[in-house]
1. Comparing Glu53, Glu35, Glu43, which has the greatest mean-square fluctuation in the GNM of the chain with Cα pairs linked when under 10 Å apart?
2. Give me the number: length gained by fully extending Ala27 to Val2, i.e. 0.36 nm times residue separation minus the C-alpha to C-alpha distance, one decimal in nm.
3. Which residue fluctuates the most in the chain, going by a Gaussian network model with Cα springs under 10 Å, if the choices are Thr69, Thr11, Thr32?
4. For Lys52, give me every one of the lysines with a C-alpha distance below 18 angstrom, ignoring sequence neighbours fewer than eight places off in its own chain.
5. For the chain, just the Cα atoms, rotate onto the principal axes and tell me the three extents in Å, largest first.
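Please treat every number below as a calculation from the coordinates, not as lab data. For clarity, every value in this text was computed on a predicted model and none was experimentally measured.
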Amino acid sequence: MVKIRLKRLGTKKRPYYRVVVMDSRLARDSRTLEEVGIYHPLETEDKQFSIKEESVKAWLGKGAQPSPTVKKLLNKKGITVK
């Protein structure tokens with residue numbers, strides 16, 4: 001199954017995430033199919049989350065399932081996920 005989830009980067013206590021599309025059986029920080037956005041929780045609200053909407057909608061159309069955190073971020077951005 002293909003999932004849209006977060007890949008952690010950054011240092012200790014300074015997290016930085018990439019929103020990625022990857023196989024659900026792989027480890028969190030392993031090889032990805034596509035990087036579709038970034039999430040930087042320590043930034044201000046307007047710089048915190050950016051995403052390639054067309055790519056995300058295409059992957060959702062192909063059956064990719066977002067993780068609960070990514071689903072919440074997408075709904076906040078205005079991309080409705082069932």
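1. So, out of Glu53, Glu35, Glu43, the one fluctuating most is Glu43.
2. Value of the extension gain: 7.7 nm.
3. Residue with maximal mean-square fluctuation among Thr69, Thr11, Thr32: Thr11.
4. The reachable lysines, counting only those whose Cα sits under 18 Å from Lys52, are Lys3, Lys7, Lys62, Lys71, Lys72, Lys76, Lys77.
5. 34, 28, 18
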